[in-house]
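Structure first, commentary second.
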Amino acid sequence: VQLQASGGGLVQAGGSLTLSCAASGRSFSTSILGWFRRAPGKEREFVAAIKPGDHSTNYADSAKDRFTIYRDNAQNTVYLQIDNLKPEDTAVYYCAADTYGIRVHTSPRGYDYWGQGTQVTVSS
């Protein structure tokens, strides 16, 4: 699986963004897909994940109110919508795929393929 993230940019606080992650490869529809982010000076952290099949979702506590993850298997794309952006959302956002697709991992070690990251910068 190859992943290509896009959609980042410079946004004012209170605005919205939808990040996209386009994938190639046969395993996309059976993979658990996740989004992580790395803020300046911090470790990469889990944001959200979505399972194949029933598209059930998991969110970090910090992401439950303003983030929405969804996927389109026909388009081989996973999305992350972020509403009411805050300066603390500033980070590089990465999409990832767990091709084993058994259970959701919140650790980066649970994912075997990664996109290159897309920068989100929120100005106050």
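Points worth noting:
- The gain in end-to-end length when the ALA74 to ALA60 segment is fully stretched comes to 2.4 nm, 0.36 nm per residue minus the alpha carbon separation.
- Note on SER24 and LEU10: the model spin-label points, each 7 Å out from Cα along the C-beta direction, lie 3.2 nm apart.
- With 5 Å bins beginning at zero, the pair-distance distribution over Cα atoms of the chain amounts to 2, 13, 24, 26, 19, 10, 4, 1, 0 %.
- DSSP bridge pairs, the chain: antiparallel proportion in percent, nearest 5: 90 percent
- Sequence of THR118, THR99 when ordered by accessible area, the most exposed leading, probe 1.4 angstrom: THR99, THR118
- Per residue value of the accessible surface for the chain (all protein chains in place, 1.4 Å probe), Å²: 51 Å²
- Cβ-placed point charges (K, R +1; D, E -1), dipole of the chain about Cα centre in debye, nearest 20: 180 debye
- Loop-resident sites, the range 1-108, for trypsin sites (Lys or Arg not before Pro), counting at most 14 other Cβ within 10 Å (DSSP): ARG26, LYS42, LYS64, ARG103
- Accessible-area composition of the chain, carbon plus sulfur, in percent [1.4 Å probe]: 44 percent
The values are calculated or read from the model by the stated rules, or taken from the named source; none is laboratory data. Keep in mind it's a predicted model, so treat the numbers as computed, not measured. Here the Cβ is made from the backbone with ideal geometry for all residues, glycine too, and neighbour counts use every protein chain on show. SASA here: full protein model, heavy atoms, side chains in, ligands and nucleic acids out. Shrake-Rupley method; radii C 1.70, N 1.55, O 1.52, S 1.80 Å.
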